[in-house]
Every structure is written in structure tokens, then in C-alpha cells.
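All of the numbers you see were taken from the coordinates with simple rules; none came from a lab. What you see is a predicted model; the values in this text were computed from it and never measured.
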């Protein structure tokens, strides 16, 4: 059995999706990880015991408010990282 924060995979998925749409954003691994860390600190964690817990967690992801809150957190994090990137030029 493994305990995981389901939100890590959700946030990571949204980050990758949003970065792909923003051609002006740096997609380096440092900026990507900074966005994920900031966004995860802004959303409520959802711990599950894999693999059965993952199925229940995915049901919650279908709720519009869940998706909206997560996308807002990712977008906010992207703005912060874009304004103050910590990668080396």
C-alpha cells in the first residue's frame, strides 16, 4: 500500500496542459516545479491509499468547482513564477 497526495498528479497535469498553451512561458524544469510547488501549497491536499483510493479521487475531479479551484491555483502560481523566475538564464 502506498499513501499519495492525489493533488500532485492533478496539479502536474494541469501545469503541463497550461504551459503547452502559453508559448511565452519558460517551460524549463525549474519553473515547472516552482509552479507545481506553489499551486500545491494553494490547494487542499487529497490523500488516498493507492490504487483503490485513486478511483474515488478521480470522481471528485469531475466536479466543476474542483477543476476551477485547481486551475485558478495553477494560473496564480504561473503568474508568480513568470514575474520572478528562479531559473538560470
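What is the angle, in °, between the Cα long axis of helix 6-21 and the longest principal axis of the Cα atoms in the chain? Nearest 10 is fine, range 0 to 90.
The angle comes out near 40 degrees.
Let me have the 222 nm mean residue ellipticity of the chain computed from DSSP H runs of 4+ only, each contributing -39500 (n - 2.57), with the sum over all residues rounded to the nearest 500. Before the final figure, lay out each step's value.
On the way: 4 runs with 60 residues, N = 89.
-22000 deg cm²/dmol, from helical runs alone.
Please state the relative contact order of the chain as a whole percent: Cα pairs under 8 Å, 6+ residues apart?
43
Tell me the angle of helix 29-42 to the major Cα principal axis of the chain, expressed in degrees between 0 and 90 and rounded to the nearest ten.
The angle comes out at about 50 degrees.
Over all distinct alpha-carbon pairs, what is the Kirkwood Rh of the chain in angstrom?
Computed over Cα pairs of the chain, the Kirkwood hydrodynamic radius comes out at 13.6 Å.
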